[in-house]
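Participant: Have a look at this one before I ask anything.
The values are calculated or read from the model by the stated rules, or taken from the named source; none is laboratory data. Being a predicted model, the structure only gives us computed values, none of them experimental. Here the Cβ positions follow ideal geometry from the backbone for every residue, glycine too, while neighbour counts run over all protein chains shown. The protein model used for the area step is the full one, side chains on, heavy atoms only, and it has no ligands, DNA or RNA in it. Shrake-Rupley method; radii C 1.70, N 1.55, O 1.52, S 1.80 Å.
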Amino acid sequence: MPRSQSCLAILVIVSMLTTVLTTVLPAAAAPESNGLPLPRFVSLRSDEVNLRTGPGTQYPINWIYRRHMLPIEIIAEYRNWRKIRDWQGDEGWIHKNMLSGRRSIIIVGTFGSLLGEPTPSSPVTARAEAGVIGHLVACPEGPYCRVRIASHEGWMDRSAFWGAYPNEIVP
């Protein structure tokens, strides 16, 4: 084989190896934990956040979130990047600076009812439609969490929103 073809073949092989390593290695590498549990819920810090296909700016943007305080679930970590899942099950990578530890919820189903007390017989004080984002105030033991949506605060059944685990206690 002529020398120019040998060099070209070597360049192609090196290029392929580089592509494989930059695509596979981050996902296979041991996570660099910050000591916080995985998985865990957080929220988006900004009203425009890029969801990437991999942990780095060299990876393409797959989606742009345009909802400040949208709750998301961190399912993996790699250096400064967090692999997340949203309430619809979509996954991707977001830089940690675009995330907030402040807890939020999103109403799922048709609507969520805010109750005056954490009991099923308590009167409904407000209703929120599907897709409305609110703040998670607290989740004691049991099926209800205290939430704030706009200027309304009350108790909501965990099944009405996404943003807290079934048995999670949030002080």
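Participant: Consider VAL132 against the criteria (1) under 23 Å from GLU48 (Cβ atoms); (2) in contact with a strand residue (DSSP E or B) (Cβ under 6 Å, 6 or more places away or on another chain); (3) exposed (fewer than 15 other Cβ atoms within 10 Å of the Cβ): it satisfies all of them except one. Which criterion is unmet?
Facilitator: (3)
Participant: Next question, about the same structure. Having 1 or more residues that are within 16 Å of the chain's Cα centre (by Cα), at pLDDT 95 or above and basic (Lys, Arg) is the bar; report the strands (runs of 3 or more DSSP E) wholly within segment 1-106 that clear it.
Facilitator: Per the criteria, 40-44, 49-52, 81-85.
Participant: SER159 passes all but one of (1) within 23 Å of the chain's Cα centre (by Cα); (2) surrounded by fewer than 14 Cβ atoms within 10 Å (Cβ to Cβ); (3) at positive phi; which number fails?
Facilitator: The failed condition is (3).
Participant: Now, a different point. Inspect all residues belonging to segment 71-80 and state whether any of them is open to solvent by 60 Å² or more (accessible area, probe 1.4 Å), among the charged types (D, E, K, R) and without any contact (Cβ under 8 Å) to a residue 24 or more places away in the chain.
Facilitator: no
Participant: Tally time: how many residues in segment 95-109 are polar (S, T, N, Q) and out of contact with any strand residue (DSSP E or B) (no Cβ under 8 Å at 6 or more places or on another chain)? Reasoning before the result, please.
Facilitator: Looking only at segment 95-109, we keep the residues that are polar (S, T, N, Q), and these are 97, 100, 104.
Next cut, out of contact with any strand residue (DSSP E or B) (no Cβ under 8 Å at 6 or more places or on another chain) only: 97.
Count: 1.
Participant: Check segment 108-131 and report whether any residue there is in contact with a Leu (Cβ under 9 Å, 6 or more places away or on another chain), part of a strand (DSSP E or B) and touching a residue at least 60 places away in the same chain (Cβ under 8 Å).
Facilitator: No; the residues of segment 108-131 include none that is in contact with a Leu (Cβ under 9 Å, 6 or more places away or on another chain), part of a strand (DSSP E or B) and touching a residue at least 60 places away in the same chain (Cβ under 8 Å).
Participant: Could you please find all residues in segment 119-133 being under 27 Å from the mean Cα position of the chain (by Cα) and not hydrophobic (A, V, I, L, M, F, W, C)?
Facilitator: ARG127, GLU129, GLY131
Participant: To continue, here is another question. Against the condition more than 22 Å from ARG45 (Cβ to Cβ), surrounded by 13 or more Cβ atoms within 10 Å (Cβ to Cβ) and either in contact with a Leu (Cβ under 7 Å, 6 or more places away or on another chain) or charged (D, E, K, R) (or both), how does ARG103 come out, does it pass? Break it down into steps so the answer makes sense when it comes.
Facilitator: Numbers: more than 22 Å from ARG45 (Cβ to Cβ): no; surrounded by 13 or more Cβ atoms within 10 Å (Cβ to Cβ): yes; either in contact with a Leu (Cβ under 7 Å, 6 or more places away or on another chain) or charged (D, E, K, R) (or both): yes.
Criteria not met by ARG103.
Participant: So, one more: Scan segment 43-65 residue by residue and report those that are touching a His at 6+ places or on another chain (Cβ under 7 Å) and either over 25 Å from LEU136 (Cβ atoms) or of a type in the set (Gly, Ala, Ser) (or both). First the steps, then the outcome.
Facilitator: The initial filter retains those residues of segment 43-65 that are touching a His at 6+ places or on another chain (Cβ under 7 Å), namely 44, 46-47.
SER46 - this is the single residue of segment 43-65 that is touching a His at 6+ places or on another chain (Cβ under 7 Å) and either over 25 Å from LEU136 (Cβ atoms) or of a type in the set (Gly, Ala, Ser) (or both).
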